[in-house]
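Working notes, structure below.
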4 protein chains.
Amino acid sequence: MTKIKIGIIGVGRIGKLHAGHLVRQPNAEVSIVSDVAVTEELRQWAAELGIPRISADYRDVLRDPDIQAVYICSSTHTHVPLIEEAAEQGKHIFCEKPVSMDYVQTERALEAVKKHGVLLQTGFNRRFDHNFKRVRDCVQSGQIGDPHLIKITSRDPAPPPADYIRVSGGLFMDMAIHDFDMARFVANSEVQEVYAQGAVLIDPAIGELGDIDTAITTLKFANGALGVIDNSRQAVYGYDQRVEVFGSAGCIQIANDHSNTAEISTKDAVFRDNPKYFFLERYEQAYADENRAFLQAIASGGQTPVDGNDALQAERIAAAAKRSLQEGRPVKLEEL
Amino acid sequence: MTKIKIGIIGVGRIGKLHAGHLVRQPNAEVSIVSDVAVTEELRQWAAELGIPRISADYRDVLRDPDIQAVYICSSTHTHVPLIEEAAEQGKHIFCEKPVSMDYVQTERALEAVKKHGVLLQTGFNRRFDHNFKRVRDCVQSGQIGDPHLIKITSRDPAPPPADYIRVSGGLFMDMAIHDFDMARFVANSEVQEVYAQGAVLIDPAIGELGDIDTAITTLKFANGALGVIDNSRQAVYGYDQRVEVFGSAGCIQIANDHSNTAEISTKDAVFRDNPKYFFLERYEQAYADENRAFLQAIASGGQTPVDGNDALQAERIAAAAKRSLQEGRPVKLEEL
Amino acid sequence: MTKIKIGIIGVGRIGKLHAGHLVRQPNAEVSIVSDVAVTEELRQWAAELGIPRISADYRDVLRDPDIQAVYICSSTHTHVPLIEEAAEQGKHIFCEKPVSMDYVQTERALEAVKKHGVLLQTGFNRRFDHNFKRVRDCVQSGQIGDPHLIKITSRDPAPPPADYIRVSGGLFMDMAIHDFDMARFVANSEVQEVYAQGAVLIDPAIGELGDIDTAITTLKFANGALGVIDNSRQAVYGYDQRVEVFGSAGCIQIANDHSNTAEISTKDAVFRDNPKYFFLERYEQAYADENRAFLQAIASGGQTPVDGNDALQAERIAAAAKRSLQEGRPVKLEEL
Amino acid sequence: MTKIKIGIIGVGRIGKLHAGHLVRQPNAEVSIVSDVAVTEELRQWAAELGIPRISADYRDVLRDPDIQAVYICSSTHTHVPLIEEAAEQGKHIFCEKPVSMDYVQTERALEAVKKHGVLLQTGFNRRFDHNFKRVRDCVQSGQIGDPHLIKITSRDPAPPPADYIRVSGGLFMDMAIHDFDMARFVANSEVQEVYAQGAVLIDPAIGELGDIDTAITTLKFANGALGVIDNSRQAVYGYDQRVEVFGSAGCIQIANDHSNTAEISTKDAVFRDNPKYFFLERYEQAYADENRAFLQAIASGGQTPVDGNDALQAERIAAAAKRSLQEGRPVKLEEL
C-alpha cells in the first residue's frame, strides 16, 4: 500500500489530535509538522509518534514536493492564506472550522481551491458521529417522511477561558457553527432565515467581551421546515449533544453517549453516570473517521464528504445569527 | 361530609369529562347541568351518572341558590358573559381555557370575579400532570439552579376537523396556549417577548382557513431565561408532550407516558409501544386532580392553584405570538 | 342496569381495597360486609362508602338470598370452608390468594365449586397489570417465537412484620405464589420441576421463624422452557416487579413503573425518581380491572379469567419449592 | 521507551485480534508469530502489521531469548503443555480461556508458572469491559451494600458451527465460563455450589453432539449471596450481555451496548437499533485494555489483573455445572 504523505500546519490540541489518528492509518504517513512555537515538548511528542520532521516555518510543509496533503490546524485568521498557498502548490487540504470568520474571505479561498483542482475537506467532525449519522440516514431513507422540525441541543460542559473567547469569533462562529452545519446535514436543505436570541447567564466576563453564553436560534429552511438550536457554554452535567428531527411520518431523536450503561437504584433515586464530558471523548471515533474519509477521497480521487461550500454555508448562517442578535430581528441569508 | 353543590354549563366532551370526575368525589355533588341541546342521549348520560337535573337554560344553573360552584364548559365566546353573571350570583367558577380569545375581555371578566369575591380556576389541567408537576417542583427546589433555557414540545396526534379549526382561535390560542401557561409555570417567571414562526406542512386546508399547523415560538422571560416551544398538529406516533428546563446547576427533562414499559427485541429492532395517544388518556389523572384542587380551594376558602391571571397571561402571550407571526418580527408583551 | 349484589367477608386491607373499587362500579353494589372485629372505625368506613350493612357473622353474608357474589378476604385458613359454604349457597366467589396453604384442601374447595356450578375467581391481580398483560399478549401472538427462558424479578420494598411472617405460610406460599402464577401465565405452559435456593440475608428474625427472605427458584416447563424467579423481601429502592421472556424469535422485558418520567442531570449524576413503592400503588389499576372482570364473568355467565385451577397450580409449585428447599434437590410436581 | 518483545502462538481469529491490538501499543513489539498452518494469507497479514517473523513451529517463539512474553492462542488442548514450556523458558504468559477443559491439568500448569516465577494472565476480557467494570466498582464501593443476588444474562447471537461445538468442551466450559468468572468478579466471593438446568431448544444437532444450547445455572456464594446465569446460543436480536447485582442497600444493572442512541417513533412503534451484534464489536475496547494491563504488569513487575487462579476457579465451576446437569442435582465445589 502506498502511503499518502501528509504535513500538518499548527500542532496545538486539534493538530495533535489529527496527527495521533493519522499515524495509525495504514495508508497515511505524517512526514512533517510545523508550528510557530517548536518547543522541546513538541519535539518529544513528534518523536514518540514517529514523525520525522518538525519546522517553525509552514513553508517547509507547503513547499515539500513529496507532501500530497496538508492539515491546516493553525489559528483561524491564517486559514485563508494557507489554503490559497496550499492550493497553488497542488496540495489536498483538510482545514479546521471555521475556514474564516468572514465568509467573503472563505469564498476567496474556495476559488483558489477550485482553480487549482485540489480537494478541500472541512472539519465538521460531527457528521461522522455514529448518532448524528444515524439521524441523517434515517431522514434520507424517508422513514420519518418530510422533515417539519429540526431541533438541536448543543451545550459545552464549561466555558473556554477569556483569552479564547476574545479571539473566538463569538458563540455563533465558534461553537454554534457545528450546529448550523448539523442543521443543514440532517435537514438536507439550505437555511433561508435566522432569528437569534442570546443572553449572558453564565459568566458576566463573557458579556464584557461582547459575547453571549446562552442562545436560542431559530431557522427557516428552503424545504419549508423550521429549526431551533439551543446553546449553552456550560452544562454542569457534561457535554450535551442531541438532535431531533420530526417529520410527516415520524420522529428520530438521539440521546447523549455515556461511558457505561449502568443504572444504580438506591433508596434515594435511580441514577446513572453523567454523559461523556467533553468533545474529545464524545467525538473520538468521529475524528478518526473524518480522517479516514479524507484519505479515501484522496486515494480514490473522489469528492470529500464535507467540502468548502459546507464551511461557507455554516459561516453565512453564523453571520446572519450574529446580525439577527445585534438588530433584534429575523435575518434572511439573501440579505448578507 | 357536606357536599359542594355544583352546576355545569355546557356538557360536550370536556363538560362530561369534568362531570365524570366530580360524581366520584366524596365532597361534591353535581346537582344540575345545562346545555343548549338537551338530547335523549344527554338525559341518559345524566341518569347514569345520577345527575338529577338537566336544563336547556344556563340560567337554571346560575340562579339556583343551592349551587355553590359552576363549571363553564360551553363555547369560548360565552365564557366572559357567563363568568360575569356567575360572579354576580356569588358562584365560584371553574372556567375552561381560554377564558376569551380577546384578552381585553378576559380582563373584564377578572374584574367581575374580583368585585364579587368569588374563586376562579381556569382549565390548565397540565399543571396537575405528574410529569410537569415534577419539573415545576424540581425548578422550585433550586436543584437545577437558575433556569436558562425552557424547552417545550407539544404535538397532537392528529389535527382537529376543519369546523373546529375555523372557530378555534388558531394554533396559538387553541393549542399552544397550554404551552404558554406551562412555560410560565415551569420558568416561574413572566414572558416579556415572543417571536413566532409558523408553517402549513400537514394540511393545506388548515392554511386556507388562515391558520398554521406547525410552529416554533421563542420566548424571553423576565428572569433572563430563554424559551422555545415547538408545536405540530400531527405527530403520527401519538401525543407528544415533553418539557426540558436547563439551568445553572443542571437539567430536568420529561419523556412521554406510555401505556406499558415493555421493550421487545426482535431480529429487526428493539421496540416499544407508542406513547399514549391522546390528551384524555394522557391527562386523565390531571383532570381528576384539577377538580379535587378546585373543590379543596372552595372547602378551605383558599386560593385556586390556577387563577384568572394565569389565563390572562397565557392569552396575552398567544396574542403576541399571533402578531409576531403576522408581522414577521419579535413582539414585546408590553406592546399589546 | 341491574346491579350485582355483593358481600365481602373480611375487610382488612385487601377487603377494603376491593370494596373501594366495587362501590365505584356501575354494575355492582356492596350490600354487606362482615368481619370478626366490627369496630367503630369499620362502621365509619362502611358509612362513607355507602355500604348499608355490616356484621360480625360471615353467615349473614352467605345466607342472604339477595347476595349473588362474595369476596373472601379473610384469613387464609378460613378460605376453604368459606368457599365450600358459599358454593353450597350458590354464590359466585372471588377468593384472595392463596386459597389454601395445603393444596389438597384447595382441591376439596374446587370440587365444591364444581359441584354447585358457581364461578370462582382467585386474586392473582398481576395478570391484569398493564405490563404483565403486554408480556402475555406478546408471547401469545408468537412475536418472540417459542419461549425458551422465563425470568421473573419480584422484590418487596420492606419485609412484613414478624407477626405476619409467622402465619404467612412462608416466602414461597405468601409472596412467590404470585410469581409462580405469573410464570404459568406468561409461559403458557405448566411447571414440571422446581429447584429452590433460599437464604436469610435481610433479617435474622425471619430465619428464626423458619422462613427465608431471599430466594432463587428455577423451573422447568412442560413446553421445554426453563424459568427462574428471584425474590427478596427488601428492595430498598421500592417495589421491583419485572418479567422477561426470551424466545426463539426475540425477547420481551418490562421495566418497573415510576410515578413520573422525569430525568434530572446534575454535576453528580443523571437520576430519576424511584419505582412506585408498594403493591397498592403499582397494582391499583390491576385491582380495579380484576374486579371488573369478575363482575363481567357473572353478568355474561362466562368463565372467570383466573380460576380455581390457577390457584391450585400455583400452590402446588409453592409446595414443591418448599420441599426442594428443605431437601436441597430439584422436586418434580408429580412427586407431590 | 523500551518495547516488550512478544511472540504469539496460534494466530486464528483471537490471535489476530490480540496481534492487531499489540502492534498499536507504543510499549510492545510483536516479534514473531507461529501457527500450525502458515498460509500465504497469514504471511500477508503479518506483513501488513509489520510483524517480521512467522513460523510453523511454536518452539521458534518459546526458544527465542529476546521474547519476553508469549500469547497462547492455539487450541485449548495445547494450552497446558505450552504454558509449562513457556514458563520453563522464563516467558510471561497470556493464555486464552479456558486454560484447560480439565481443571486438574490447569492446576499442573499453575504449578509450573509458580515454580518459574513468570506472570500469567488469562483471557477473561469481559473484566475490562466498561459496563462490567462499573458493576464491579459499584459493588466494591459498598454503594449497594452486601450482595444478595447476582444475575447474569449471556446470550450469543448465533450458535457456532457443529465442528466447533464438537471440540468446544460444551456450553459450560466454552461459553458460560466467561459468566462464571464474571459471577466471581462482581460478587467478590467464591462459588460453593452449582445447580444447572440445560435444554436443547435451538438446534437438535447440538443435542446430538451431547451438548445443550440453553441453560439456567444457579450459584451459591461463600458470602451467602445467591446467583443465577441464563445462557442461550442464539439471541436473534444480537449479543445479549447483562449483569445485575442486588444488595442490601440497592441494585445495579447494566443494559446492552448499542451502536447508536437513536430512537425512532413511527405510527407503528418507537424503536431503536439492535444491540451490538457480536463479541468482537461489543468487547473491542475490552480486548485492547486487557492487553494494556498485561503489558503494564510486565513493565511494572506487578500482578496480572486476571491470573491463573481465576481461570482455575471458573473451570471448576464449569465442571460442577456439567456434573450437576448430568446428575440432576446441586453439586458442591468441594465435591470435585
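What follows draws every value from the coordinates through simple rules; no lab data is involved. Treat the numbers as computed from the prediction; the structure is a model and nothing was measured. Quick reminder, even Gly has a Cβ in these numbers, built from the backbone with ideal geometry, and neighbours come from all protein chains shown.
General observations
- For the stretch A:4-118: rounded, prolate or oblate by the Cα gyration tensor [a/c cutoff 1.5]: prolate
- The other copies place their B:Gly142 label points at 3.0, 5.6, 6.2 nm from this one, listed shortest first, where each point is 7 Å from Cα along Cα→Cβ.
- All Cα pairs of chain A, percent lying beyond 30 Å: 38 percent
- When only the Cβ of Lys, Arg, Asp and Glu is charged (+1, +1, -1, -1), the dipole of the stretch C:195-257 relative to its Cα centre reaches about 300 debye.
- Per-residue mean of foreign Cβ neighbours for B:207-217 is 2 (Cβ atoms of other chains, 10 Å radius).
- Cα shape, the protein assembly as shown, gyration tensor, a/c 1.5 rule: oblate
- Placing a label point 7 Å from Cα along the Cα-to-Cβ axis, A:Arg43 is separated from the same position in the other copies by 4.3, 10.1, 10.4 nm, shortest listed first.
- Listed residues A:Asp273, A:Asp213, A:Asp137, most fluctuating in chain A (Gaussian network, C-alpha, under 10 Å): A:Asp273
- Counting only Cβ charges, +1 for Lys and Arg and -1 for Asp and Glu, the dipole size of chain A around its Cα centre is about 580 debye.
- When the Gaussian network model of chain D links Cα atoms closer than 10 Å, the mean-square fluctuations of D:Leu42, D:Leu82, D:Leu149 top out at D:Leu42.
- Cα gyration tensor shape of the stretch A:177-336, rounded if a/c is under 1.5, else prolate or oblate by comparing a/b with b/c: oblate
- Label spacing, shortest first and in nm, from A:Glu190 to its equivalents in the remaining copies (7 angstrom along Cα→Cβ): 4.4, 7.4, 7.4
- Gaussian network model of chain D, Cα within-10 Å springs - most flexible of D:Ser259, D:Ser75, D:Ser232: D:Ser259
- Converting phi to 3J(HN,Hα) with the Karplus coefficients 6.51, -1.76 and 1.60 and the offset θ = phi - 60°, the stretch D:234-241 yields 8, 9, 4, 8, x, 6, 10, 9 Hz in sequence order, with x at every glycine or proline.
- Inter-chain Cβ neighbour count for B:4-12, averaged per residue, equals 0 (cutoff 10 Å, partner chain atoms only).
- Amide H contacts under 5 Å for A:Val33: A:Ile8, A:Arg53, A:Ile54, A:Ser55, restricted to partners 5 or more places along the chain or on a different chain, H placed in the peptide plane at 1.01 Å from N.
- With contacts taken as Cα pairs under 8 Å and at least 6 residues apart, the stretch A:4-118 reaches a relative contact order of 26 percent.
- Take every Cα pair under 8 Å whose residues are at least 6 apart in sequence, average their separation, divide by the length of chain D, and the relative contact order is 19 percent.
- Number of partner chain Cβ atoms within 10 Å, mean per residue of A:239-246: 3
- Separation of the stretch B:195-229 from the stretch C:237-296 is 36 Å, based on Cα centroids.
- When chain D is turned onto chain A, the axis of that turn runs closest to one Cβ of chain D, and that residue with its distance in whole Å is D:Arg24, 3.
- Charge dipole (the stretch D:236-336, unit charges on Cβ, about Cα centre) - positive-most of D:Ile254, D:Gln296, D:Leu325: D:Leu325
- Radius 15 Å from Cβ of A:Ala320, net charge of other residues (Lys, Arg +1; Asp, Glu -1): -2
- For the stretch A:4-118, size of Cβ-based charge dipole, Lys and Arg +1, Asp and Glu -1, in debye: 260 debye
- A cut-off of 5 Å between modelled amide H atoms, ignoring neighbours fewer than 5 places along the same chain, links B:Val228 with B:Ile150, B:Lys151, B:Ile152, B:Leu219.
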